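Structure first, then comments.
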Amino acid sequence: MTEWQGNIRRASTADHAVVTGILAEAFMRDPVSGWIFPADDHRARVHPAFFGPFVALALRTGEVHVAGDGLGATLWLPVGGDHDGDDGEELAELEAAIGPEAMKRFAVLDELMAANHPGEPHWYLPFIAVHPDHHGTGVGSALLRDKLTELDQSGTAAYLEASSPRNAALYERLGFRRRAVTLDLPGGPSLYPMWRQPA
């Protein structure tokens, strides 16, 4: 597997548009995004409005990391311990941005994920995205390793939901283990919750 050697930095609010663009582009072919937004043209149109609030939330309450000059990005949120559950006021306008039908589907996904989210303190990775032009170049692994190294040093666990068995296999190589439960979207794809103990 290729080892990407570029730089990774912590994003600031000035990077909001760049990070939102990476996510909007990278998730166009994602099975879960395809379930929330079944029509390709609608998905392309509202993806930036959908991802923007999540980027804002992570910039405010967690960490956003960017690879190179916008090749990829990760959003990390701290959960448990000293971190109270944040109400995420950034997401208040989501329905207006994506429409009622997509919002209904997203609410099903959100409820399913919340019901199965572990309670122990950890850092949660809601999104990792690599621009489609740079898939398979090692950017995603480098982004993950960057934060996981820090979590290992502080003795902190990590959690994510993989959106395909292929992605789950990548995460397993980095120390994540699949949990017993699978999150099955009605008439749609499954997500695979994964937990990583610090090395």
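In the range 134-173, the qualifying residues are those that are modelled with pLDDT under 95 and not in a helix (DSSP H, G or I), and the one that is farthest from V66 (Cα to Cα) is S164. Does E95 satisfy the condition of being touching a helix residue (DSSP H, G or I) at 6+ places or on another chain (Cβ under 9 Å), more than 15 Å from M194 (Cβ to Cβ) and surrounded by 13 or more Cβ atoms within 10 Å (Cβ to Cβ)? So E95 fits the description; yes.
Beta carbons closer than 7 Å, at least 6 apart along the sequence or on distinct chains, pair a first residue in the range 3-24 that is closer than 18 Å to D146 by Cα with a second that is surrounded by 12 or more Cβ atoms within 10 Å (Cβ to Cβ) and of a type in the set (S, T, Y) for W4/T137.
Kindly establish whether R10 is more than 14 Å from P126 (Cα to Cα), buried (at least 19 other Cβ atoms within 10 Å of the Cβ), among the charged types (D, E, K, R) and over 15 Å from the mean Cα position of the chain (by Cα). Show your work before the answer.
On the way: more than 14 Å from P126 (Cα to Cα): yes; buried (at least 19 other Cβ atoms within 10 Å of the Cβ): no; among the charged types (D, E, K, R): yes; over 15 Å from the mean Cα position of the chain (by Cα): yes.
No: the conditions fail for R10.
Looking across the range 33-56 at every residue that is surrounded by 20 or more Cβ atoms within 10 Å (Cβ to Cβ) and in contact (Cβ under 8 Å) with a residue 24 or more places away in the chain, the one that is farthest from the chain's Cα centre (by Cα) is identified as F37.
The helices (runs of 4 or more DSSP H) falling completely within the range 26-124 include none with 3 or more residues that are in contact with a His (Cβ under 6 Å, 6 or more places away or on another chain) and modelled with pLDDT under 95.
The residues listed here are R178, R196; of these, the one that is among the basic types (K, R) and open to solvent by 50 Å² or more (accessible area, probe 1.4 Å) is R178. Checked against the criterion of being surrounded by 13 or more Cβ atoms within 10 Å (Cβ to Cβ), closer than 25 Å to N7 by Cα, within 17 Å of the chain's Cα centre (by Cα) and of a type in the set (D, E), the candidates E172, E161, E90, E150 yield just one match: E172.
The values are calculated or read from the model by the stated rules, or taken from the named source; none is laboratory data. As the structure is a prediction and not an experimental result, all values here were calculated from the model. Note: ideal-geometry Cβ built from the backbone for every residue, glycine included; neighbour counts use all protein chains shown. Protein only, heavy atoms only, side chains kept; ligands, DNA and RNA dropped before computing areas. Shrake-Rupley method; radii C 1.70, N 1.55, O 1.52, S 1.80 Å.
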